[in-house]
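Peer 1: One structure follows; several queries about it will come next.
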Amino acid sequence: VSVVVNLGGEGEEPGALNVNAFLYLLRPSFADKLSPELVIRASAHKTGLDPESVDLVVANHFPIQYDEIVIDETGARAAISDLAAEIVRVLKPGGRVHFGCSTCDRASLAEAMELAGLIDVHEVTGGYIDARKP
Ligand SMILES: C[S@@+](CC[C@H](N)C(=O)[O-])C[C@H]1O[C@@H](n2cnc3c(N)ncnc32)[C@H](O)[C@@H]1O
């Protein structure tokens, strides 16, 4: 079975694990509609998932500003390099990323992914950045 993780997910990817920091939810009661094992309350840069346990990391409209992400309700931030490192940590070798962000600088996100060790980093339709782990 393929393990799919949706960072900032609100259940919009069927069957995926939703890692969500519960900050500015588009669908405030999304978690009530999912089995509890599909909802992980954590920030995307520190998911708590096992290393090399994920086949595909996706994100839709993930909020990034000035190359940082907000990680909790105090407004604390982490750099996109931390986000990219976490994606690399949890992916299995050969695992893939399909990452869509909102208000982000795609070129610098792509660069952060490359620096973290992902390969084939490229922009695809819809402004998503695709990449894979060697
Ligand atoms: C614009 S919504 C997008 C929701 C959904 N992915 C979609 O496309 O419909 C952004 C989501 O990211 C979550 N979020 C924001 N910062 C986060 C972080 N650091 N880690 C995990 N989730 C985060 C929010 O709680 C919210 O659910």
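The values are calculated or read from the model by the stated rules, or taken from the named source; none is laboratory data. Quick caveat, the model's predicted, so the values are computed rather than measured. Cβ coordinates were reconstructed from backbone atoms using ideal geometry, including for glycine residues, and neighbour counts include every protein chain displayed. Only protein heavy atoms, including side chains, enter the accessible area calculation; ligands, DNA and RNA are left aside. Shrake-Rupley method; radii C 1.70, N 1.55, O 1.52, S 1.80 Å.
Peer 1: I'd like the carbon and sulfur percentage of the solvent accessible area for the chain, probe radius 1.4 Å, heavy atoms only, ligands and nucleic acids excluded. Kindly include the intermediate steps, with their values, before the conclusion.
Peer 2: Values: 3790 of 7080 Å².
Looking at the chain in its full context, I get 54 percent from C and S.
Peer 1: Give the whole-number value, in cubic angstrom per residue, of the convex hull volume spanned by the C-alpha atoms of the chain.
Peer 2: Numbers: hull volume 13.5 nm³, N = 134.
So the per-residue hull volume is 101 Å³.
Peer 1: From largest accessible area down, sort Tyr24, Tyr128; use a 1.4 Å probe on the protein chains.
Peer 2: Result, largest first: Tyr24, Tyr128.
Peer 1: While we're looking at this one, here's another question. Which listed residue (Leu49, Asn20, Leu115) has the Cα farthest towards the positive end of the charge dipole for the chain, taking +1 on Lys and Arg C-beta and -1 on Asp and Glu C-beta about the Cα centre?
Peer 2: About the Cα centre, the residue reaching furthest to the positive side is Leu49.
Peer 1: Within the stretch 5-22, whose backbone N sits under 15 Å from a point 7 Å along Cα→Cβ of Lys92?
Peer 2: Under 15 Å, as judged by backbone N against the label point of Lys92, lie 5, 17 of the stretch 5-22.
Peer 1: For the stretch 29-134, what's the relative contact order in percent, using C-alpha pairs closer than 8 Å and at least 6 residues apart? Don't jump to the answer; show the numbers that get you there.
Peer 2: On the way: 182 pairs, mean separation 29.3, N = 106.
In percent, rounded to a whole number, it is 28.
Peer 1: For the stretch 25-31, take each phi angle, set θ = phi - 60°, evaluate the Karplus expression 6.51 cos²θ - 1.76 cosθ + 1.60, and give the result in whole Hz per residue in order, putting x for glycine and proline.
Peer 2: Coupling constants for the stretch 25-31: 6, 6, 10, x, 10, 4, 5 Hz.
Peer 1: What ranking of Asp130, Asp67 comes out by heavy-atom accessible area, probe 1.4 Å, highest first?
Peer 2: On the way: Asp130 30, Asp67 60 Å².
From most exposed to least exposed: Asp67, Asp130.
Peer 1: Determine the dipole magnitude for the chain: charges of +1 sit on the beta-carbon of Lys and Arg, -1 on that of Asp and Glu, nothing else is charged, the reference point is the Cα centre, and the result goes in debye to the nearest 20. Could you put the intermediate results ahead of the total?
Peer 2: Numbers: 11 positive and 20 negative charges, 38 e Å.
In debye, rounded to 20, the chain gives about 180.
Peer 1: If you don't mind, there's one more thing I want to ask. Which of the lysines could a cross-linker span from Lys33 if the Cα-Cα distance has to be under 28 Å and same-chain partners fewer than 8 positions apart are dropped?
Peer 2: Lys46
Peer 1: Also, I was wondering about something else. Show the residues, 5+ positions off or on another chain, whose built amide H is closer than 5 Å to the amide H of Asn6.
Peer 2: Result for Asn6 returns Leu17, Asn18, Val19, Val58.
Peer 1: Given the whole protein assembly as supplied and a 1.4 Å probe, what does the accessible area of Glu52 come to in Å², nearest 10?
Peer 2: Taking all protein chains as shown, Glu52 has close to 100 Å².
Peer 1: Students sometimes get this wrong: rank Thr103, Thr125 by accessible area, probe 1.4 Å, all chains present, largest first.
Peer 2: Ranking Thr103, Thr125 by accessible area, largest first, yields Thr125, Thr103.
Peer 1: Quote the accessible area belonging to His61 in square angstrom, nearest 10, computed with a 1.4 Å probe and with ligands, DNA and RNA left uncounted.
Peer 2: 140
Peer 1: If you stretched the chain out fully between Tyr24 and His61, how much longer would it get, using 0.36 nm times the residue separation minus the C-alpha to C-alpha distance?
Peer 2: Difference between extended and current length: 12.1 nm.
Peer 1: Given the Cα-Cα distance of Ala107 and Arg132 and 0.36 nm per residue of separation, how much length would full extension add, in nm?
Peer 2: Fully extending the segment from Ala107 to Arg132 adds 7.4 nm.
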